[in-house]
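This is the structure, below, for whatever I ask next.
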Amino acid sequence: IRTELTLEREALYRDLFEETEYKVLEVLGFDFECELPYTPIREFCKKHLPLTSRDSIFELSIKFCNDSFKIPLCLYFHPKILAASCIHMAALWRKNKGIDCGLPLEINGHPWFKWVDSSIEQRNINEVIDQMRVLYTQQP
């Protein structure tokens, strides 16, 4: 059975959503701060990437980061894992276009992603990338 979404029903759902949102914020004491992947992307690119690829990787990473919010990855992964995944995807994109990936595999003897956060593992990045592939393989 299909139900039409009437204006009254839409208004009812909107009111319920706003009321529930208010209750959640009330429980949190209206102290809600959300860490986003943008800062770790910017810091990593600024500190660890060669000048020749810094701007390109940064811009591509931000684009991939914006795309990541189209699916609920931010609910399941720490922002620094998302940041590292977006940086990795930017480097892969460059490599697939025949451009030097611009991302060193290691920095001072450690995998590059350990400089985003020391707790990140390659499997975390792979998991995020696998889930983000959906965004680029689905037909509109």
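The values are calculated or read from the model by the stated rules, or taken from the named source; none is laboratory data. What you see is a predicted model; the values in this text were computed from it and never measured. Cβ placement follows ideal geometry from the backbone for every residue including glycine, while neighbour counts extend to all protein chains displayed. All accessible areas refer to the heavy atoms of the entire protein, side chains included, with ligands and DNA or RNA removed. Shrake-Rupley method; radii C 1.70, N 1.55, O 1.52, S 1.80 Å.
Of everything in the stretch 19-46 that's part of a loop (DSSP other than H, G, I, E, B) and touching a helix residue (DSSP H, G or I) at 6+ places or on another chain (Cβ under 6 Å), which residue is surrounded by the fewest Cβ atoms within 10 Å (Cβ to Cβ)?
Glu35
For the stretch 95-115, give me each residue that is closer than 16 Å to Arg54 by Cβ and open to solvent by less than 20 Å² (accessible area, probe 1.4 Å).
Passing the criteria: Gly102, Leu103, Trp112.
Then there's this: Working carefully through the options Ile57, Ile87, Ile71, Ile62, find the one that is of a type in the set (Val, Ile, Thr) and either farther than 15 Å from Ile41 by Cα or outside any helix (DSSP H, G or I) (or both).
Ile71
Pairs needed: first member in the stretch 44-56, more than 18 Å from Ile81 (Cα to Cα); second member anywhere, of a type outside the set (S, T, N, Q) and open to solvent by 100 Å² or more (accessible area, probe 1.4 Å); C-beta distance under 7 Å; at least 6 residues apart or different chains.
Taking only residues 6 or more apart or on different chains, the pairs are Ser53/Asp100.
Taking the stretch 47-69, which residues are open to solvent by 40 Å² or more (accessible area, probe 1.4 Å) and under 12 Å from Trp115 (Cα atoms)?
The answer is Lys47, His48.
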